[in-house]
Amino acid sequence: MPDSLTLRRPDDWHVHLRDGDMLRAVAPYTARQFARAIVMPNLAPPVTDVEAAIAYRERIIAALPEDAEFTPLMTCYLTDATDPDRLAEGHARGVFTAAKLYPAHATTNSAEGVTDVANIRAALECMQAIGMPLLVHGEVTDPEIDMFDREAVFIDRILAPLIRDLPDLRIVLEHITTAEAAAFVAQSGPNLAATITPHHLHINRNALFAGGIRPHAYCLPVAKRERHRLAVRAAAVSGSPKFFLGTDSAPHARETKESACGCAGIFNAPFALESYAAAFDEEGALDRLEAFASEHGPRFYGLPLNEGTVTLRREGVAVPNEIAGLVPFHANETLGWRLEAFPL
Ligand code: DOR
Ligand code: ZN
């Protein structure tokens, strides 16, 4: 059993860094672990054009310590009105790494999202032509569909037809939570990949109701039954290049989570790598963590692998019950691996 684990520096292929005070509070936790991160555009108002993305990128860099070595990779929030030429221009200028499809009303700040994928058909054709990845929040919003089925139904109704119509479009199905998603991604061609969060490796839907309602375990897509958690774990540790790290760290002010209508999102940034290491360790798959965290993502995005390294030590790390006024994932638990990095 190794007592330390040195990995090529990883990237986070899905994170919410927010803006303003919250950005300043949370971004250093991501930057101390990850060399790059795909930054979600669901601000209010959303990041729908190149100028907004450039300004946001500058605010992110300004929120970090001077010596941080971190590159935010920006994304464009797709709407029914997205102009394919502007999208392509943003990609060509190196501002937009990818574009994000939020089905309208699927999650936080998605009211301006896409009401029907037919409305973004020209943008998707353009992305396919220029090799710009599409990132997908894969849940239908149909109120008739059970909350716990929304990902599987999205695959059948939206994703499978989209892949048939645009087979060369590179797609990341974000934060997968179901056996159906894991199987669908695994059996699809090389243009479909998926990110996996630490929380979906650790919790099933019981965590939402452990002794009472648990708002800090609520995120979207919501955690599913145990068999789904196990299928997502198996995908993460499978060694398949189609699965890679994306924390979906999604901080919300404490009072907006502990509310009669609590916000969706789990703030996992402070101990994200430790959390993934714990899950891989439990699966006897620590030897596969580096590929999942540091190789599969950049290869899918066509970006270089990072040069530096990070080291984890087999040592208990106590997660506090509050960080920057927020309740972190694993609050009050002790994790078995500690990241060697400057403390915050
Ligand atoms: O739990 C979530 N929180 N899921 C999402 O899709 C969005 C995110 C957020 O921005 O809060
Ligand atoms: Zn997200």
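The values are calculated or read from the model by the stated rules, or taken from the named source; none is laboratory data. Source: prediction; values computed, not measured. Backbone-built Cβ (ideal geometry, glycine too); neighbour counts: all protein chains shown. Heads up: the accessible areas ignore ligands, DNA and RNA and are worked out on the full protein's heavy atoms, side chains in. Shrake-Rupley method; radii C 1.70, N 1.55, O 1.52, S 1.80 Å.
Yes/no matrix, rows are residues, columns are (1) β-branched (Val, Ile, Thr); (2) crowded, with 18+ Cβ neighbours inside 10 Å:
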| residue | (1), (2) |
| --- | --- |
| Thr107 | yes, yes |
| Val114 | yes, yes |
| Asn119 | no, no |
| Ala123 | no, yes |
| Ile130 | yes, no |
| Val136 | yes, yes |
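Since Arg18 meets every condition but one in (1) within 16 Å of ligand 2 (Cβ to nearest atom); (2) open to solvent by less than 10 Å² (accessible area, probe 1.4 Å), which condition does it not meet?
In the conditions (1) within 16 Å of ligand 2 (Cβ to nearest atom); (2) open to solvent by less than 10 Å² (accessible area, probe 1.4 Å), Arg18 misses (2) alone.
Mind checking which residues of the stretch 232-254 are surrounded by 24 or more Cβ atoms within 10 Å (Cβ to Cβ) and away from ligand 1 (no atom under 16 Å from the Cβ)?
Residues of the stretch 232-254 that are surrounded by 24 or more Cβ atoms within 10 Å (Cβ to Cβ), as a first pass: 232, 236, 243-252.
Result: Ala236, Phe243, Phe244, Leu245.
Given the options Ala35, Ala98, Ala68, name the one that is under 26 Å from Arg8 (Cα atoms), more than 16 Å from ligand 2 (Cβ to nearest atom) and open to solvent by less than 20 Å² (accessible area, probe 1.4 Å). Walk me through how you get there before you give the answer.
Numbers: Ala98 fails: more than 16 Å from ligand 2 (Cβ to nearest atom); Ala68 fails: open to solvent by less than 20 Å² (accessible area, probe 1.4 Å).
Exactly one of Ala35, Ala98, Ala68 is under 26 Å from Arg8 (Cα atoms), more than 16 Å from ligand 2 (Cβ to nearest atom) and open to solvent by less than 20 Å² (accessible area, probe 1.4 Å), namely Ala35.
Residue under question is Arg225, and the condition is that it be under 28 Å from His91 (Cα atoms) and open to solvent by 30 Å² or more (accessible area, probe 1.4 Å); does it hold?
no
Residues in the stretch 194-208: is at least one closer than 22 Å to Phe96 by Cβ, in contact (Cβ under 8 Å) with a residue 24 or more places away in the chain and open to solvent by 10 Å² or more (accessible area, probe 1.4 Å)? Talk me through it step by step, then tell me what you get.
Step one: list which residues in the stretch 194-208 are closer than 22 Å to Phe96 by Cβ, which gives 194-195.
Filter once more, keeping what is in contact (Cβ under 8 Å) with a residue 24 or more places away in the chain: 194-195.
Restricting the remaining residues to those that are open to solvent by 10 Å² or more (accessible area, probe 1.4 Å) gives none.
No - not one qualifying residue is present in the stretch 194-208.
Considering only the stretch 78-95, state which residues are of a type in the set (A, V, I, L, M) and either open to solvent by 60 Å² or more (accessible area, probe 1.4 Å) or at pLDDT below 95 (or both).
Our first condition is that a residue be of a type in the set (A, V, I, L, M); within the stretch 78-95, this holds for 78, 81, 87-88, 92, 95.
Matches in the stretch 78-95: Ala81, Ala92.
Just to check your reading of the model, which residue among Val140, Val136, Val172 is within 14 Å of ligand 1 (Cβ to nearest atom), touching an Asp or Glu at 6+ places or on another chain (Cβ under 9 Å), within 25 Å of Asp12 (Cβ to Cβ) and in contact (Cβ under 8 Å) with a residue 24 or more places away in the chain? Give the steps one after another, and end with the answer.
Working: Val140 fails: within 25 Å of Asp12 (Cβ to Cβ); Val172 fails: touching an Asp or Glu at 6+ places or on another chain (Cβ under 9 Å).
So the residue among Val140, Val136, Val172 that is within 14 Å of ligand 1 (Cβ to nearest atom), touching an Asp or Glu at 6+ places or on another chain (Cβ under 9 Å), within 25 Å of Asp12 (Cβ to Cβ) and in contact (Cβ under 8 Å) with a residue 24 or more places away in the chain is Val136.
Quick test of your reading of the structure: Val319 fulfils all but one of (1) touching a His at 6+ places or on another chain (Cβ under 6 Å); (2) within 16 Å of ligand 2 (Cβ to nearest atom). Name the failing condition by number.
Every listed condition holds for Val319 apart from (2).
Being within 18 Å of Ser110 (Cβ to Cβ), assigned to a helix (DSSP H, G or I) and away from ligand 2 (no atom under 16 Å from the Cβ) is the requirement here; does Ala52 meet it?
On the way: within 18 Å of Ser110 (Cβ to Cβ): yes; assigned to a helix (DSSP H, G or I): yes; away from ligand 2 (no atom under 16 Å from the Cβ): yes.
When the stated conditions are applied, Ala52 passes them.
Being at negative phi and in contact with a helix residue (DSSP H, G or I) (Cβ under 6 Å, 6 or more places away or on another chain), is that true of even one residue in the stretch 293-303?
In the first step, residues of the stretch 293-303 are kept if they are at negative phi; the result is 293-301, 303.
Going one step further and asking which of them are in contact with a helix residue (DSSP H, G or I) (Cβ under 6 Å, 6 or more places away or on another chain), we end up with none.
There is no residue in the stretch 293-303 that is at negative phi and in contact with a helix residue (DSSP H, G or I) (Cβ under 6 Å, 6 or more places away or on another chain).
Residue under question is Ile163, and the condition is that it be open to solvent by less than 30 Å² (accessible area, probe 1.4 Å) and either within 16 Å of ligand 2 (Cβ to nearest atom) or assigned to a helix (DSSP H, G or I) (or both); does it hold? Please lay out each step first, then the result.
Numbers: open to solvent by less than 30 Å² (accessible area, probe 1.4 Å): no; either within 16 Å of ligand 2 (Cβ to nearest atom) or assigned to a helix (DSSP H, G or I) (or both): yes.
When the stated conditions are applied, Ile163 does not pass them.
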